[in-house]
1. Return the residue satisfying two criteria in turn: it lies in the stretch 1-41 and is under 15 Å from Gly68 (Cα atoms) and of a type in the set (A, V, I, L, M), and of such residues it is surrounded by the most Cβ atoms within 10 Å (Cβ to Cβ).
2. Could you grab me the full set of residues in the stretch 26-62 that are of a type in the set (Val, Ile, Thr), more than 16 Å from Val11 (Cα to Cα) and either in a helix (DSSP H, G or I) or touching a strand residue (DSSP E or B) at 6+ places or on another chain (Cβ under 6 Å) (or both)?
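Laboratory data are not the source of any read-out in this text; all were calculated from the coordinates shown. Because the structure is a prediction, the values reported are computed rather than measured. As a convention, Cβ positions derive from the backbone with ideal geometry for all residues, glycine included, and neighbour counts pool all protein chains shown.
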Amino acid sequence: MTKEKAVEQLVDLGMTKDEAIKEVNDICNTGIDLEHQIDFITRTTKIRPAMFIDGSDGPCYIPQGRLGPYPDADKDRSR
């Protein structure tokens, strides 16, 4: 798996691109197999329940199976 594909998968789960790049670089620096680690993150994220988080920008809804809310353009999908 390439770093670019790993970043895309993490962004699809709700991370920002900068967060995903940092996460992938951290995984690569630890010596853990990138493909297995991204697969683990993806599988464990898919079973997370939906939740509300009171962040610094106000309350935010995170749908089931995501690490973060949908982007503003897709707000209608978030409920």
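1. Once the filter is applied, the top-ranked residue is Leu10.
2. Once the filter is applied, which keeps residues that are of a type in the set (Val, Ile, Thr), more than 16 Å from Val11 (Cα to Cα) and either in a helix (DSSP H, G or I) or touching a strand residue (DSSP E or B) at 6+ places or on another chain (Cβ under 6 Å) (or both), the stretch 26-62 yields Thr30, Ile53.
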